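One structure is given below, encoded as structure tokens.
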Amino acid sequence: MKSYKLEPFFADTIVDYENNLNPQQLKVVKEATGPSLVLAGAGSGKTRVLIYRLAYLLGSGVPIRDILLVTFTNRAANEMINRAEVLLKSSLSNLWAGTFHHIGNIILRKEGHILGYSSNFTIADKEDAKDLLEDCLDDLGLYKKEKMFPKKNIIYNIYSLAGNSQSTIEETIKRFHPQVEEYTQLIKKIHSAYQKKKNRANVMDFCDLLTNWLKVLQNPAICEKYSKLFKHILVDEYQDTNKLQFEILKKLASFHNNILVVGDDAQSIYSFRAADINNILDFPKTFEGTKIFKLQINYRSSPAILNLANEIIKHNINQFPKELKAIKNEGEVPCAVKTRDTYEQAKFIGQRVLELNSENIPLREMAVLFRSRFQALELEMELLKRSIPYIVRGGVKFFEQAHIKDALSYLKITINSKDEISFKRAICLHKGIGRGFAHKIWNKFGNEKKEFNEIEKTLSKRQLQGFKQFASLMMSLQKIKSPTSALREILKGYKEYCYLSFDNADERILDLEELAKMASNYPTVKQFLLDLSSFEDFKGETRTGSQEKEEVLVLSTIHQAKGLEWEVIFIIGFCEYDFPHPKALKDEKSLEEERRLFYVAVTRTKSILHIVYPHIKYTFKNGAIITRASMFLYELSEDTYEEWDVQGSTYYPQE
């Protein structure tokens with residue numbers, strides 16, 4: 001018997017658009033037919049607009065299966081669907097909605113056969129994909145043949161970035177990982193083997209869900225099928241799309257040309273993930289007859305905060321000009337706070353957080369934002385001293401990071417030769433030494449008390465090379481008393497390990513340099529480690545969702561904070577050579593992204609903003625130097641902020 005299913009009918013649902021939307025939002029909801037670009041300023045209610053536009057289409061008689069809603073997270077998709085269901089008082093279970101990967105998965109189950117996949121293909125998550133890449137490395141014997149070679153996560157990152165940016169492996173390595181350029185041909189060989197291995201196993205990874213989706217859409221019949229099916233396409237966070245996602249959307253919109261994208265070019269800050277701001281800047285050129293809408297009424301921040309934000313972003317040339325306007329009437333003038341050094345910066349924030357908390361602002365309504373992770377070290381120590389509870393959003397606390405624990409493991413061995421945990425961790429950082437070999441070496445070294453030269457006689461040629469490096473470093477460290485000098489010695493060899501092991505190697509090296517800077521306060525390695533032990537008791541963790549509503553101060557990079565909001569924001573380390581990033585000074589496009597990053601940080605604030613910068617900075621290479629505020633502060637009119645000069649003195653490290 002043939003079944004026949006009725007679609008929900010929404011025409012009789014009464015939605016009060018006029019009283020629930022401001023004029024700018026209402027215009028989008030009712031008039032965004034054809035290609036439409038909605039430039040949604042920070043805090044302007046873009047999610048609300050998408051939900052009401054969806055409701056409007058359904059209420060106008062558009063069948064639910066004819067609409068595609070694309071978001072960047074499943075959480076965002078679920079939130080929109082739930083709110084739309086409440087609005088329409090009906091289920092939207094038949095709506096095509098979700099992330100790019102989710103929609104790609106559904107379509108590839110139906111159409112992947114033209115690429116040689118069966119409908120029951122397996123999806124490998126990131127860790128499974130990296131393990132498969134490691135199998136390819138073993139098959140090709142590269143870890144045995146090469147003196148040093150990039151680790152599996154670096155190779156996966158190169159492969160993923162190449163797909164998302166629609167670039168070649170050569171172009172991707174040159175742009176994102178120039179330190180491994182000498183291995184380009186071998187990495188291409190690995191990627192080829194990796195693709196063959198996946199094809200044989202009927203497996204796709206996350207990147208394949210998009211690259212293969214685009215491949216099937218290049219089939220004219222399939223492209224026509226889905227471009228006809230999706231009469232209306234709604235896309236959230238369009239400024240964060242990459243070249244691959246753009247090409248997919250262009251194919252899907254090719255028949256009806258009804259594509260509405262919502263985003264803010266002023267908040268495009270993820271080029272390091274292959275996001276392409278040109279997708280939004282060039283949208284009117286790509287889609288002829290584009291209607292441009294602007295959402296400029298801000299519901300989050302005070303007039304003074306928005307005055308500063310507008311002043312920041314007007315200095316960018318490549319943008320759609322907007323001017324945010326506040327609904328709120330009150331709010332403090334933002335302040336630029338000059339401190340003596342990073343230690344006084346930390347003390348200021350610790351004291352100010354407690355003052356604001358005593359004025360009934362909860363800790364969870366305050367956040368400290370920074371350009372780079374290393375900038376929060378002194379602050380974390382100050383918060384622990386003052387017993388101010390905090391979390392690091394999207395990551396672990398400073399001393400629980402892998403590279404910090406790696407470096408400290410060497411120091412711990414110099415103080416305690418019986419430290420089996422630190423010995424195994426440190427020796428595994430060297431070529432040819434895995435956990436199994438480390439265990440055997442420890443048994444020979446730790447239990448039998450043999451000297452390094454005795455152990456060398458028992459090792460294979462491959463193990464011997466790594467062990468000699470380890471032994472040489474440890475003998476050097478035994479002669480060094482200064483913890484800063486010891487960390488400098490460790491960092492000499494560890495830098496190469498970083499570049500071959502982590503996709504954010506530069507950031508991790510800065511963390512280690514910051515650790516060495518802090519160590520200059522201590523005369524001996526023993527005293528340094530003794531003091532650190534009190535901080536290591538505080539385990540870091542990633543907290544999301546309901547956990548972030550606990551009574552804790554939030555610490556976060558600006559990139560991690562995008563899309564969130566707090567009553568009070570502290571931006572720290574806002575000084576030259578830290579913000580903007582030094583590399584951005586050579587390229588206007590990069591400099592504009594750094595300015596957008598500042599804009600994003602400022603627009604997280606509801607009412608109180610402190611921009612803090614140290615007058616004296618201790619650097620890894622040059623010691624203590626006099627610095628000044630970021631160039632971005634000097635671009636601003638003086639009436640957009642007030643200056644604070646912290647009174648008092650504090651010790652700053654010298655060597």
* Structure fact -> Taking a label point 7 Å from the Cα of residue 288 along Cα-to-Cβ, the residues of the stretch 230-266 whose backbone nitrogen sits under 11 Å from it are none
* Using Cα pairs closer than 8 Å and at least 6 residues apart in sequence, work out the relative contact order for the chain, in percent. => 18 percent
* Asked: 222 nm [θ] for the chain, helices only, -39500 (n - 2.57) per DSSP H run of 4+, per residue, to 500?
  -> -14500 deg cm²/dmol
* Structure fact -> So for the stretch 17-95, using the alpha carbon gyration tensor with a ≥ b ≥ c as root eigenvalues (a/c under 1.5 gives rounded; past that, a/b versus b/c decides prolate or oblate), I'd call it rounded
* Under a straight-distance cross-link criterion of Cα-Cα below 19 Å, which aspartates and glutamates are reachable from residue 27, leaving out those fewer than 8 residues away in the same chain? -> 16, 18, 236, 264, 323
* Asked: Which of the GluC sites (Glu not before Pro) found in the stretch 325-357 are in a DSSP loop and have at most 12 neighbouring Cβ atoms, other than their own, within 10 Å?
  -> 330
* To do: Give the peptides 404-417, 583-596, 632-645 in descending order of average Cβ contacts within 10 Å, highest first.
  => 404-417, 583-596, 632-645
* To do: Express in Å², to the nearest 10, the accessible area of residue 106 obtained by rolling a 1.4 Å probe over the protein heavy atoms while all chains stay in place.
  => 60 Å²
* Counting only DSSP beta bridges with both residues in the chain, what percent are antiparallel, rounded to the nearest 5? -> 10 percent
* Asked: Stretch residue 643-residue 281 to full length: gain in nm at 0.36 nm per residue minus the Cα-Cα span?
  -> 126.8 nm
* Structure fact -> Set 251/589; 198/291; 243/294, cut-off 31 Å on Cα-Cα distance; pairs above it are 198/291
* **Candidate aspartates and glutamates for bridging to residue 479, where Cα separation is under 16 Å - those fewer than 8 sequence places away on the same chain excluded** => 489
* To do: Take each uninterrupted DSSP H stretch in the chain, measure its Cα extent along the helix axis, and return the ones at 18 Å or beyond whose mean Kyte-Doolittle hydropathy is at least 0.5.
  => 46-59, 402-415
* To do: Find the lysine pairs in the stretch 78-152 meeting two conditions, Cα atoms under 29 Å apart and a separation of 8 or more places or different chains, and report how many there are.
  => 13
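The values are calculated or read from the model by the stated rules, or taken from the named source; none is laboratory data. Note that the structure is predicted; figures quoted are calculated from it, not measured. Note: ideal-geometry Cβ built from the backbone for every residue, glycine included; neighbour counts use all protein chains shown. Areas reflect the complete protein model, heavy atoms only, side chains present, ligands, DNA and RNA absent. Shrake-Rupley method; radii C 1.70, N 1.55, O 1.52, S 1.80 Å.
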